[in-house]
Amino acid sequence: MAQAYSAGLTVTESITLRKERILPLKGQVLVKKGDKVKAQDLVAQTLLPGKVVPFNLSNKLGVPADQVKNYVRVTEGNDIKKGDVIAQTKGIFGLFKNTVKSPITGEIENISKITGQMLLREPRIPVQIKAFIDGIIVDIIPEEGVVIENRSAYVQGIFGIGGETYGKIKILVKNPQDTINKDDIDESCKGMICVCGALVDYDTIKKAQQVGVSALITGGIDDNDLKKLLGYNIGVAITGHEDIGISIICTEGFGNIKMAENTFNLLKKFEGKDASCHGKTQIRAGVMRPEIIVSLDFKEDELSVEAPKSSTLEIGGRIRIIRQPNFGEIGKITALPEELTMVESETLVRILEAQLDNGEKIVIPRANVEVIEE
């Protein structure tokens, strides 16, 4: 029988990870190949160009554009501070001078002898790249970044918002189907990655923001709460750049959905351990999933990166239902019939048979499931 493939998420207690940490433009790499780094160590840095500010110097001086060069007191590339004199006319008998001062702190980008315009550039913006995971620098990309490798416990989520963050894992529920409310968030959660069970609502998220929680890990989230939190609907795009002071990772989907037992148990096993996570999500080309990473102790000779593999539908494999009905339910494949089967839409598709964790047996199109890699 030919193999069947499906989208999949990885939930595993031990995997070799390799992460590229790349600057947005060329800069300086701060580490060497073979160095051991911690998640919050800086590995590369650069300066982004500041905003360009056009400045009509000819108009400010009250002279023709081709005369501006006679009165300018700075040259291209000079650093300036707000209020510095950048041009001045000679006046009459030394009096009635027209003085022009810089409106910003920054540098002189360009002085045009034709238009009389001066381009000022605001201060450069420092960008620093952290390691994100504990590990070993296995490769250097000159002036651009590094490649880091380690051994980790690893969980991929379905959807998330918010950027990279760090903290110790804190479990706030006894069971994966439980939910929390805002009263469960207190000062002990500050700086923590909190595992919240099946759902977090808007009030709980706001309380977590106020307390300073690093991240919330939840089975699901209500779409209306998400819109209320962000102030807009999230479309089919990339997330992870939201400036909300917290990251949120959904392991199952939208709504009140029990967190998968394996996911919950794995996170519970590492309660109190330092972890890195992010909510970056992209579901089109170049798929990106939210991640929770707990770096493990390892010896260098134990590292071997597994070749990427497609998620395969196999009898006995674990799956999650990703469409209604049974959305969010988890089960095990019991059969993979080869013949095409007509479904409710009167379309002929390949199906699979599965037994859900609640005991229910179902027949479902293969396109309606994703594989859980364990």
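A few points about this structure:
- Hey, I322 modelled with pLDDT under 80, in contact with a helix residue (DSSP H, G or I) (Cβ under 8 Å, 6 or more places away or on another chain) and either under 19 Å from E261 (Cα atoms) or among the aliphatic types (A, V, I, L, M) (or both) or not: yes
- Extreme residue, nearest to the chain's Cα centre (by Cα), among residues of region 24-72 that are over 22 Å from E109 (Cβ atoms), of a type in the set (A, V, I, L, M, F, W, C) and in a loop (DSSP other than H, G, I, E, B): A39
Each row is one residue, and each column tells you yes or no for (1) surrounded by fewer than 17 Cβ atoms within 10 Å (Cβ to Cβ); (2) hydroxyl-bearing (S, T, Y); (3) farther than 25 Å from K268 by Cα.
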{"position": "L120", "(1), (2), (3)": "no, no, yes"}
{"position": "K130", "(1), (2), (3)": "no, no, yes"}
{"position": "K170", "(1), (2), (3)": "no, no, no"}
{"position": "K174", "(1), (2), (3)": "yes, no, no"}
{"position": "T204", "(1), (2), (3)": "no, yes, no"}
{"position": "Q209", "(1), (2), (3)": "yes, no, no"}
{"position": "L216", "(1), (2), (3)": "no, no, no"}
{"position": "G219", "(1), (2), (3)": "no, no, no"}
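- Filtered residues of region 13-30 (kept if closer than 20 Å to S276 by Cα and either surrounded by 15 or more Cβ atoms within 10 Å (Cβ to Cβ) or among the aliphatic types (A, V, I, L, M) (or both)): E13, I15, T16, L17, R18, K19, R21, I22, L23
- The single condition from (1) among the charged types (D, E, K, R); (2) at pLDDT 85 or above; (3) assigned to a helix (DSSP H, G or I) that D301 fails is (2).
- The listed residue being surrounded by fewer than 18 Cβ atoms within 10 Å (Cβ to Cβ) and not polar (S, T, N, Q), out of I158, I125: I125
- If you go through region 316-374 and keep only what is assigned to a strand (DSSP E or B) and either touching a Pro at 6+ places or on another chain (Cβ under 6 Å) or of a type in the set (D, E) (or both), you end up with V349, I351, E353, E370, E373.
- Some residue of region 178-191 being more than 20 Å from L229 (Cα to Cα), touching a Phe, Trp or Tyr at 6+ places or on another chain (Cβ under 7 Å) and not aromatic (F, W, Y): no
- Restricted to region 342-374, and to residues there that are surrounded by fewer than 16 Cβ atoms within 10 Å (Cβ to Cβ), more than 30 Å from the chain's Cα centre (by Cα) and among the small types (G, A, S), the residue that is nearest to Y154 (Cα to Cα) is G359.
- Within region 122-136, tally of residues that are outside any strand (DSSP E or B) and under 20 Å from the mean Cα position of the chain (by Cα): 4
- The residues on offer are L25, L30, L47, L57, and the sole one that is touching a helix residue (DSSP H, G or I) at 6+ places or on another chain (Cβ under 6 Å) and outside the structural domain of N262 (by TED's automatic domain parsing) is L57.
- Hits in region 198-232 (condition: under 18 Å from F159 (Cβ atoms), assigned to a loop (DSSP other than H, G, I, E, B) and touching a helix residue (DSSP H, G or I) at 6+ places or on another chain (Cβ under 8 Å)): D201, D222
The values are calculated or read from the model by the stated rules, or taken from the named source; none is laboratory data. Quick caveat, the model's predicted, so the values are computed rather than measured. Reconstructed Cβ throughout: ideal geometry from the backbone, glycine too, with neighbour counts over all protein chains shown.
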